[in-house]
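Asker: Could you have a look at this structure, given as structure tokens, before my questions?
The values are calculated or read from the model by the stated rules, or taken from the named source; none is laboratory data. Note that the structure is predicted; figures quoted are calculated from it, not measured. Cβ placement follows ideal geometry from the backbone for every residue including glycine, while neighbour counts extend to all protein chains displayed.
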Amino acid sequence: MTPSKRRLLLCALAAFAATGARAEFPSKPLRIVVQYQAGGSSDILARLVAEGLSKRLGQPVVVENRSGAGGIIGTDYVAKSAPDGHTLLLTVPGPVTANIVLYGKLPYDPRTDLRMVSDIATTRTVLAVHPSVPAKDVASLIAVLKAAPGKYAMGSWGPGTQPHQIQVYMDRAYGLRTLHVPYKGESPMAIDLIGGVIQLTVGSIATLQPYIAAGKLRALAVAGPRRAKALPEVPTFAEQGFADEVYALTGPTSLMAPAKTPDAVVERLGREVAAVVHQPEVARRIEELGAEPVGNLPAEASAAYRAFLPVTLRLTQATGVKLD
């Protein structure tokens with residue numbers, strides 16, 4: 001065989017092998033890693049997506065909770081996983097946006113170590129208080145907090161997350177002195193809020209809505225540009241005269257993959273995830289969680305991330321919060 005024919009044969013074999021490898025995806029069960037404990041909104045959305053994705057891909061899709069360090073542990077795990085599409089990250093904005101500012105040195109860089117697959121949903125948050133807090137709206141809450149410096153504690157699902165940023169902003173803007181109590185996820189935070197261990201928080205509607213409906217918590221305001229479908233009677237911050245940018249920002253819960261995951265695999269995953277999210281029953285369940293279904297494709301999710309990143313970084317910097 002001549003050298004030229006040998007080269008042609010080798011190229012053909014390589015192309016065949018590459019095509020075969022792509023065709024084999026998925027070749028084993030998939031994992032969706034969640035950076036927070038089971039029971040929170042991220043975990044609920046992950047399991048909803050996993051169920052539909054498993055049916056479409058013909059492989060089990062397991063949700064794995066790797067909580068801690070403000071989402072760093074789970075995010076770093078996926079960033080360093082094999083880039084074959086079998087290990088994915090379901091993430092809220094903080095670990096892939098605000099953490100860039102909050103931590104002087106991260107073990108990963110979300111801008112280069114991860115890539116977008118799809119935005120699952122926009123998760124809405126609500127300012128809620130324990131019934132013992134004598135406040136009916138944002139203005140009266142500020143008055144209550146101002147009259148009792150150091151008495152009231154505001155929980156968050158981790159240092160530097162949206163609730164923490166809002167707590168710092170409110171303290172500085174209105175001359176308050178509240179206590180910040182960070183938790184490893186929303187579920188333990190919600191339990192302590194119901195029990196009166198902490199008195200207020202900004203948490204996901206998905207987690208807090210059942211307790212609001214049962215009268216165990218009182219909702220004062222929702223974050224974002226409009227009211228949430230799941231809490232239509234609760235006004236936004238802006239409707240109450242608090243139009244600061246920090247109260248208007250909402251971010252997606254997204255599915256990401258290691259950066260070197262092949263384009264073909266990412267595109268396949270993106271199409272399948274979008275199909276799952278757009279199923280009427282799945283979309284309805286997402287809305288019942290207090291979120292708004294998105295289900296976009298990888299290019300759209302990447303563009304949204306690039307647009308969202310500088311805004312959230314600026315808001316994080318404005319709080320002055322540093323975690324190391």
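Asker: So which strands (runs of 3 or more DSSP E) are wholly in region 165-228 and hold at least 2 residues that are touching a Gly at 6+ places or on another chain (Cβ under 8 Å) and more than 13 Å from residue 129 (Cα to Cα)?
Answerer: Because the criterion is at least 2 residues that are touching a Gly at 6+ places or on another chain (Cβ under 8 Å) and more than 13 Å from residue 129 (Cα to Cα), the strands (runs of 3 or more DSSP E) in region 165-228 that meet it are 179-182.
Yes or no, residue by residue, for (1) within 20 Å of the chain's Cα centre (by Cα); (2) among the hydrophobic types (A, V, I, L, M, F, W, C):
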{"position": "196", "(1), (2)": "no, no"}
{"position": "200", "(1), (2)": "no, yes"}
{"position": "207", "(1), (2)": "yes, no"}
{"position": "215", "(1), (2)": "no, no"}
{"position": "219", "(1), (2)": "no, yes"}
{"position": "230", "(1), (2)": "yes, yes"}
{"position": "238", "(1), (2)": "no, yes"}
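Asker: Examine region 156-172 for a residue that is of a type outside the set (Gly, Ala, Ser) and over 23 Å from the mean Cα position of the chain (by Cα), and state whether such a residue exists.
Answerer: Yes, region 156-172 contains at least one residue that is of a type outside the set (Gly, Ala, Ser) and over 23 Å from the mean Cα position of the chain (by Cα).
Asker: Yes or no: residue 276 at pLDDT 95 or above and closer than 22 Å to residue 229 by Cβ?
Answerer: yes
Asker: Just checking, how many residues over region 144-157 are out of contact with any Gly (no Cβ under 7 Å at 6 or more places or on another chain), surrounded by 12 or more Cβ atoms within 10 Å (Cβ to Cβ) and assigned to a helix (DSSP H, G or I)?
Answerer: 2
Asker: OK, next. Among the residues of region 11-46, write down those that are aliphatic (A, V, I, L, M) and either in a loop (DSSP other than H, G, I, E, B) or at pLDDT 85 or above (or both).
Answerer: Selection gives 30, 32, 33, 34, 38, 44, 45, 46.
Asker: Of the residues 201, 207, 261, which is assigned by TED's automatic domain parsing to the domain that holds residue 56, among the polar types (S, T, N, Q) and crowded, with 22+ Cβ neighbours inside 10 Å?
Answerer: 261
Asker: Are any residues in region 112-145 in contact with a helix residue (DSSP H, G or I) (Cβ under 7 Å, 6 or more places away or on another chain), at pLDDT 95 or above and of a type in the set (Lys, Arg), and if so, which ones?
Answerer: Hit for region 112-145 is 115, nothing else.
Asker: Test of understanding: among 139, 128, 121, which residue is among the aliphatic types (A, V, I, L, M) and either surrounded by fewer than 20 Cβ atoms within 10 Å (Cβ to Cβ) or over 29 Å from residue 225 (Cα atoms) (or both)?
Answerer: 139
Asker: Moving on to the next point. Sort through 239, 287, 233 and tell me the only one that's over 21 Å from residue 201 (Cβ atoms) and either at pLDDT below 95 or outside any strand (DSSP E or B) (or both).
Answerer: After applying the criteria, what remains is 287.
Asker: Return the residues of region 154-189 that are free of Cβ contacts under 8 Å to residues at least 60 places away in the same chain, in contact with a Ser or Thr (Cβ under 9 Å, 6 or more places away or on another chain) and hydrophobic (A, V, I, L, M, F, W, C); say none if nothing qualifies.
Answerer: 154, 170, 181, 189
Asker: Could you tell me whether any residue of region 47-68 is buried (at least 23 other Cβ atoms within 10 Å of the Cβ), in a strand (DSSP E or B) and touching a residue at least 12 places away in the same chain (Cβ under 8 Å)?
Answerer: Scanning region 47-68, I find no residue that is buried (at least 23 other Cβ atoms within 10 Å of the Cβ), in a strand (DSSP E or B) and touching a residue at least 12 places away in the same chain (Cβ under 8 Å), so the answer is no.
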